[in-house]
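Worksheet for the structure shown next.
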Amino acid sequence: MGQQFNSELPVHHRFSPKKNVLIITTKRLLVGITALVVLFLLVGNGSKVIPELQAQEIDTQIIDNNLEKVYEVTKDGVAERSAGPDFEYYDLNSFTGSAQGMKNQDVVLFLMPLRNAEHVLSMAFHNIMNLTYDHSLIDIAFLVSDCSEGDTTLEKTFEYSVALQNGTLVDKLQREEAIKAKYRRGSSDLYQLYMDQDYMNNVRKSYNPRYYHKDYSKPFRSITIYRKDFGQAIGQGFSDRHAVKVQGIRRKLMGRARNWLTTNALKPYHSWVYWRDVDIETCPGSVIQDLMKHDYDVMVPNVWRPLPSFLVDEPPFEQPYDLNSWIESDPALELASKLDEDDVIVEGYAEYPTWRVHLAYIRDRNGDPNEAVDLDGVGGVSILAKAKLFRQGVHFPAFTFLNHAETEAFGKMSKKMGFRVGGLPHYTIWHIYEPSEDDLMKIAKLERKKRRQKQTKNP
Ligand SMILES: Nc1nc2c(ncn2[C@@H]2O[C@H](COP(=O)(O)OP(=O)(O)OP(=O)(O)O)[C@@H](O)[C@H]2O)c(=O)[nH]1
Ligand SMILES: [Mg+2]
């Protein structure tokens with residue numbers, strides 16, 4: 001049986017002429033003209049007409065360009081980075097990292113994330129100069145993010161970096177400290193009167209020019225400053241940062257920031273990467289060599305902080321600080337198995353009883369500083385890692401990895417990829433004590449009491 005056609009519909013058959021030839025020809029003409037116009041706009045004048053998807057991509061790039069900047073420091077000032085050389089060759093077998101790194105001329109990448117850090121920046125730069133690993137073998141890279149309006153972290157980092165590279169930083173910091181000292185009494189620095197005096201003497205000694213090592217002012221191999229905002233909304237105040245609920249979110253964001261910093265700053269000739277937080281008050285200048293000599297793939301020291309006497313019943317006036325360096329435990333694995341895949345266990349909070357051995361708690365102040373223990377999680381205050389880890393893809397998870405995020409997950413991921421992670425329980429670096437609002441009120445009260453007592457004694 002032949003095919004039946006509905007005669008109302010146009011029939012397309014090459015042997016039967018089409019009905020309504022005029023309409024069809026007009027339509028074809030219109031389609032043709034439209035196609036020609038589109039083709040002209042796309043090819044002939046393509047920069048103006050962008051398909052929707054492409055347009056979005058270009059917008060994002062423009063926005064990101066506004067947020068991401070790379071600044072290189074020279075002895076004469078800071079400049080935005082220009083294009084690099086055309087051709088480079090590296091034999092990556094030569095940059096594996098060795099326990100005797102300085103003797104082997106291993107280049108270390110020193111990384112420091114910064115946010116609202118203007119008040120501790122001079123301290124951090126002193127600590128950087130205090131490093132005794134040959135400065136000409138250290139590339140420094142800072143990442144400045146999400147600072148509050150009016151905060152001068154970026155500007156100060158520029159200023160101090162240029163001064164460091166042209167050898168004038170020590171003088172500059174001394175001038176600044178002399179001005180600050182004039183206003184010290186009556187300010188928040190009063191808390192220092194309540195700290196352990198042995199600790200304070202050690203601080204004073206650490207910052208006394210008489211004890212600077214001979215290459216204290218020697219310029220570094222390079223300094224690069226990256227700026228990139230991530231939209232970090234959690235404040236940088238002590239209680240803001242330490243509430244348990246914000247820890248997971250904050251850690252993941254910090255993980256993201258750390259990954260940006262490593263991936264931008266790591267060069268093929270780096271053998272080691274040393275991470276350091278800005279708010280360390282005292283630390284041996286030889287910390288890089290001291291962590292390196294153990295030849296672990298990842299190595300961290302112990303991190304404690306001093307406490308004012310009114311917060312502790314009896315000496316010693318100090319406290320374990322970084323609880324993120326630990327040895328995994330069965331109860332913690334059991335706890336993790338009951339949590340959601342995306343939940344982040346946060347150490348040091350009652351909500352998560354992990355019963356892990358924390359590096360901080362196994363410190364013996366008279367113990368051997370060379371004793372090393374294997375760890376699973378690490379804190380980010382001071383991490384020395386072989387650069388090859390990052391090249392192989394180990395990073396600071398900005399997602400939940402084995403119920404952890406950021407540095408603790410970095411420790412776990414390093415182990416998963418077969419690397420050795422360790423810590424030095426009796427080798428301690430000291431985190432600055434930041435008085436809380438409550439502490440400041442307590443200090444004011446104690447000072448008033450002291451004054452009253454003085455007045456009664458000498459009316
Ligand atoms: N780039 C960047 N740096 C940050 C951000 N938040 C904190 N930092 C820096 O990261 C380091 C660690 O931050 P801290 O606020 O001390 O955080 P923490 O060490 O986890 O917490 P504490 O126990 O209070 O020391 C410091 O050098 C900060 O300046 C951020 O959002 N972006
Ligand atoms: Mg800190």
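Measure of size requested: the Rg and Dmax of region 383-457, with Cα atoms as the atom set and Å as the unit; please supply both.
22.9, 69
Excluding same-chain pairs closer than 8 in sequence, count the lysine pairs in region 324-459 whose Cα atoms lie under 27 Å apart.
The number of close lysine pairs in region 324-459 is 15.
How much length, in nm to one decimal, is gained on full extension between V70 and L333, taken as 0.36 nm per residue of separation minus their Cα-Cα distance? Spell out each step's value before the answer.
On the way: separation 263, 0.36 × 263 = 94.68 nm, distance 4.16 nm.
Computed gain between V70 and L333 is 90.5 nm.
Order these by the 10 Å Cβ neighbour count, fewest first: S145, S222.
On the way: S145 24, S222 18.
In increasing order of surrounding Cβ atoms, one gets S222, S145.
Write down, largest first, the equivalent ellipsoid semi-axes of region 301-386 in whole Å, where each equals the square root of 5 times an eigenvalue of the alpha-carbon gyration tensor.
Working: eigenvalues 131, 64, 28 Å².
Each semi-axis is √(5λ); the values are 26, 18, 12 Å.
Quick one: order S309, S122 by neighbouring beta-carbon count within 10 Å, fewest to most. Don't jump to the answer; show the numbers that get you there.
Numbers: S309 15, S122 18.
Ranking S309, S122 by Cβ neighbours within 10 Å, fewest first, gives S309, S122.
Applying 1/(1 + (r/R0)^6) with R0 = 51 Å to the Cβ-Cβ distance of A79 and Q455, what FRET efficiency is obtained, to the nearest 0.05? Before the final figure, lay out each step's value.
Numbers: r = 59 Å, r/R0 = 1.15.
Using R0 = 51 Å, I get an efficiency of 0.30.
With a/c under 1.5 counting as rounded, go ahead and sort region 86-204 into rounded, prolate or oblate using the C-alpha gyration tensor (a ≥ b ≥ c being the square roots of the eigenvalues; past the cut-off, prolate if a/b is larger than b/c, else oblate).
On the way: a/c = 2.42, a/b = 1.74, b/c = 1.39.
It is prolate, given that a/c is not under 1.5 and a/b is the larger ratio.
Under a crude label model (7 Å from the Cα following the beta-carbon direction), how far is E314 from D86 in nanometres?
Going from the E314 label point to the D86 one covers 7.5 nm.
Let me check against my output: what whole-number percent is the relative contact order of region 330-459, with C-alpha pairs under 8 Å and at least 6 apart?
On the way: 122 pairs, mean separation 37.9, N = 130.
Taking the mean separation of contacting Cα pairs over the length of region 330-459, I get 29 percent.
Any idea what % of Cα-Cα pairs in region 185-229 are farther than 17 Å? Please report the intermediate quantities before stating the final value.
On the way: 609 of 990 pairs.
Distances greater than 17 Å cover 62 percent of the Cα pairs.
Provide M292, M417 in ascending order of the number of other Cβ atoms located within 10 Å of each residue's Cβ, fewest first.
On the way: M292 25, M417 12.
So the residues, fewest neighbours to most, are M417, M292.
Restricting to Cα pairs below 8 Å that are 6+ residues apart, what does the relative contact order work out to for region 64-206? Please round to a whole percent. Could the numbers behind the result be given before it?
Numbers: 102 pairs, mean separation 35.8, N = 143.
Across region 64-206, relative contact order equals 25 percent.
Quick note: the coordinates plus some simple rules give every number you see, no bench work behind them. As the structure is a computational prediction, the values presented were derived from the model and not from experiment. Backbone-built Cβ (ideal geometry, glycine too); neighbour counts: all protein chains shown.
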